[in-house]
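Notes follow once the structure below has been shown.
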Amino acid sequence: MLDFEFYNPTRIVFGRDRLQRIDALVPATARVLILYGGESARRYGTIARVRQALGARHVEEFGGIEANPTYETLMRAVQQVRTQAIDFLLAVGGGSVIDGSKFVAAAAVHSGDALEILSTHGRQITQALPLGCVLTLPATGSEMNSGAVVTHQAKQAKLAVMNPALFPRFSLLDPSLTLTLPARQVANGVVDAFVHIMEQYLTYPVHALAQDRFAEGLLQSLIEIGPRTLAAPEDENARANLVWIATLALNGLIGAGVPQDWSTHMIGHELTALHGIDHARTLAVILPANLSVRRAAKHDKLLQYATRVWQLSTGDATTRIDTAIAKTRDFFESLGVPTHLADHGLGAGHIDAIIANLQEHGMVHLGERQDVTPEVSRRILEASL
């Protein structure tokens, strides 16, 4: 029988032209730091509109947060928060900016070494500055969860942090803010959301009927609208659904009370840390190989996935599972996202370093049964070539 607690305090404000809601959501006396990534947020006028919505509040800015936010850059933001007595953070961007802002929110009020936050995966966090979000890139779901991923450049480590103190107070989701995104980022967002769902869904059955059907509906919706968002970037209905699905994919609801995998993510993190590959593109490489290598342990859910998501009702179980895995790979490729290490210039000679990093970071018992050892990770990487 299912047994879980579900908690999510983030207020979602969804729809076009909702930026003026910031005035009611941010305390009138707040000293605000707007955090963002590249100059596109300024070039398309988003920063100016956010500043206008903040009215007479004291507002500062910190830009340049990377696509994989680094500890080194974020600590400069922490210093700015402390120097300028900032007491409210406003992240304007996608998951990387939001993740980075979560780290800043915790590190700025942390009494010890901020590296403790990363080394303990967030367990040392006791408090954080309040954070609001203006989403401009649908992908990670960070706008409605308490997790973040930060890269420590010096250690070549991409480390996950999670703590209830990191939930955003609110997130504004205006799909029109995402219409200027390059096709590569849109495709990455579709893949990221898809794999987030798969990591919570494709494990083993636990009689979680609502979570299963919800996850399957989200996966089918991504399969439907993913190509449409690329072919018709001006289609706001498709984009609105992508934005909301990406949020639902990782706000904790479909994962409540069910086993979760996350081995694809952990292996993918090492590909990003060592070779700078886009996060979503590492997932597209690893997931099909992971499903293939671990098909025996995942047999029942793979068959359910084949039947319910891909509508495969004929043929024996082996054939249907093979086809479902192939269709998953084909879906990613149809979005222009490659699914082999060779597509990124990597070969068998790169695998040892990836395994060494997994071991160094303690990623030696991954997966829903903690049975993804370095040996299994090696087989997955070999199947990804």
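Throughout, read-outs are computed from the coordinates displayed, never taken from laboratory work. These numbers come from a predicted model, not from an experiment. Cβ coordinates were reconstructed from backbone atoms using ideal geometry, including for glycine residues, and neighbour counts include every protein chain displayed.
General observations
- Our summary gives the range 181-383 a relative contact order of 27 percent, counting only alpha carbon pairs under 8 angstrom and 6 or more residues apart.
- GNM result for the chain, Cα springs below 10 Å: residue of 96, 221, 40 fluctuating most strongly: 40
- Dipole magnitude of the chain about its Cα centre (Cβ charges: Lys, Arg +1; Asp, Glu -1), debye to nearest 20: 660
- For the chain, the pair-distance distribution built from all alpha carbon pairs, in bins 10 Å wide starting at 0, is 5, 24, 34, 25, 10, 2, 0 percent.
- Per residue convex hull volume, Cα atoms of the range 181-383, in Å³: 116
- Beyond 32 Å in Cα-Cα separation lie the following of the pairs 155/301; 155/298; 158/301: 155/301; 155/298.
- Across the chain, the mean sequence separation of Cα contacts (distance under 8 Å, 6 or more residues apart), normalised by length, yields a relative contact order of 15 percent.
- Relative contact order computed over the range 1-130 (Cα-Cα under 8 Å; 6+ residues apart), in percent: 24
- Comparing 381, 129, 205 along the charge dipole axis of the chain, the residue lying farthest to the positive side is 129, per the Cβ-charge model.
- Taking packing as the residue-averaged number of other Cβ atoms within 10 angstrom, the listed peptides 242-248, 316-322 run from highest to lowest as 242-248, 316-322.
- Difference of contour (0.36 nm per residue) and Cα-Cα distance, residue 17 to residue 382: 126.6 nm
- Potential lengthening of the chain between residue 323 and residue 179 amounts to 48.5 nm, from the contour at 0.36 nm per residue minus the alpha-carbon distance.
- Judged by the mean number of other Cβ atoms found within 10 Å, the most tightly packed of the peptides 60-73, 272-285, 21-34 leads the ranking 272-285, 60-73, 21-34.
- Multiplying the residue separation of residue 206 and residue 28 by 0.36 nm and removing their Cα-Cα distance gives an extension gain of 59.4 nm.
- Dipole check for the range 181-383: with +1 at the C-beta of Lys and Arg, -1 at the C-beta of Asp and Glu, and the Cα centre as origin, the magnitude is about 300 Debye.
- With the simple model of a label 7 Å out from the Cα in the direction of the Cβ, residue 360 to residue 235 spans 4.4 nm.
- Cα-projected label distance for residue 7 with residue 121, points at 7 Å along beta-carbon direction, nm: 1.8
- Rough spin-label spacing in nm, given labels placed 7 Å along Cα→Cβ, for residue 58 and residue 156: 4.3
- Cα shape, the range 1-117, gyration tensor, a/c 1.5 rule: rounded
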